[in-house]
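Structure, as structure tokens:
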Amino acid sequence: MTRAPLICPSILASDFAKLGAEVAAIEAAGADWVHVDVMDGHFVPNITIGPDVVKALRPHTSLPFDVHLMVAPVDPWLEAYREAGADILTVHPESGPHLHRTLGRIRQLGAKAGVVFNPGTPLGLLEDVIDLVDLVLIMSVNPGFGGQAFIDASYRKIERARALLDAAGSQAHLQVDGGVTAANAAACVSAGADALVAGTAVFRGGPDAYAANIAALKAV
């Protein structure tokens, strides 16, 4: 049987008026990580969560904070989000001039380092930084908004990323984000993913539904 993936609910889809209660609820419901989508209104067309919000949420859960930085330039924000409580900092190659240096800095700060590949970002970039990454994130939508439909070509990209990681002997997690549902979770895992970001698929139905929603995503 395929090993169940890590489920990383994106709080972008949660009730922002009750964020502390929401992160506590998803932990109780069986989530593995809390995925925090940080958007600056420049790199992507939306504005979301600053470091002070991350800091305020930190006491509400013991789960790792998986912080996806959709900001440019990204380097000036690494320390602030790490100090706020981020355990994983994931960056886009397009968000700064020196990806290798950025990933190294994240590790110097004591966080795990991730790199994100948008639908149009060449996966070949991974080969030159593979020794510095703890997480590879394949975007299965173009970033900036929740609730988008999964791009089917992403399955091939997940497969290629898995092949690169395995060939290098990397232990990095392979995560998928964008339009992930119970209907396509198994296909993502079959392609090689071991961590799934899900927003609407987790948070729909309110707290009483979270456990069942997360269990459905794990049932691969």
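For the chain, what are the DSSP H helices with axial Cα length of 20 Å or more and mean Kyte-Doolittle hydropathy of at least -0.5?
Details: long enough: 154-168 (21 Å, -0.48).
Qualifying helices, which must be both long enough and hydrophobic enough, are 154-168.
So what are the ³J(HN,Hα) numbers for segment 117-122, from phi and the Karplus equation (6.51, -1.76, 1.60; θ = phi - 60°), rounded to whole Hz, Gly and Pro as x?
Coupling constants for segment 117-122: 10, 5, x, x, 8, x Hz.
State, to one decimal in nm, how far the label point of Lys55 lies from the label point of Ala153, with both points 7 Å from Cα in the Cβ direction.
4.2 nm
How many angstrom lie between the C-alpha centres of segment 147-184 and segment 1-60?
20 Å
Quick check: at a probe of 1.4 Å, how many percent of the accessible area of segment 112-220 sits on carbon and sulfur atoms? All intermediate terms of the calculation are to be shown ahead of the outcome.
Details: 2330 of 4470 Å².
Carbon and sulfur atoms account for 52 percent of the accessible area of segment 112-220.
Work out how much length Ser170 to Phe145 would gain on full extension: take 0.36 nm times their residue separation and subtract the Cα-Cα distance, in nm to one decimal. Walk me through the intermediate numbers first.
Values: separation 25, 0.36 × 25 = 9.00 nm, distance 3.05 nm.
So the chain would gain 6.0 nm between Ser170 and Phe145.
Can you run phi through the Karplus equation (6.51, -1.76, 1.60; θ = phi - 60°) for segment 69-84 and list ³J(HN,Hα) in whole Hz, with x for Gly and Pro?
Result, rounded to whole Hz: 8, 9, 9, 8, x, 8, 4, x, 9, 4, 5, 5, 6, 5, 5, 6.
What accessible area per residue, rounded to a whole number of Å², is obtained for segment 76-220 using a probe radius of 1.4 Å? Can you show the working numbers first?
Details: 6180 Å² over 145 residues.
That works out to 43 Å² per residue.
Sketch the reach of a paramagnetic label on Ala80 as a point 7 Å from Cα along Cα-to-Cβ, and name the residues of segment 17-47 whose backbone nitrogen lies under 19 Å away.
36-47
List the lysines whose alpha-carbon lies under 25 Å from that of Lys55, not counting same-chain residues fewer than 8 positions away?
Result set, ordered by chain and number: Lys18, Lys112.
Ignoring ligands, DNA and RNA, what percent of the 1.4 Å accessible area of segment 1-48 is carbon and sulfur? Can you show the working numbers first?
Details: 1160 of 2160 Å².
Roughly 54 percent, rounded to a whole number.
[x] 8, 33, 34, 19, 5, 0; [y] 9, 37, 40, 14, 0; [z] 7, 29, 32, 21, 9, 2, 0: which one is P(r) over Cα pairs in 10 Å bins from 0, in percent as calculated from this entry?
Here the calculated entry is [y].
The values are calculated or read from the model by the stated rules, or taken from the named source; none is laboratory data. The structure presented is a predicted model; accordingly, all values stated were derived computationally and were not measured. Note that each Cβ is placed from the backbone with ideal geometry, even for glycine, and that neighbours are counted across all protein chains shown. With ligands, DNA and RNA removed, areas are computed over all heavy atoms of the protein, side chains included. Shrake-Rupley method; radii C 1.70, N 1.55, O 1.52, S 1.80 Å.
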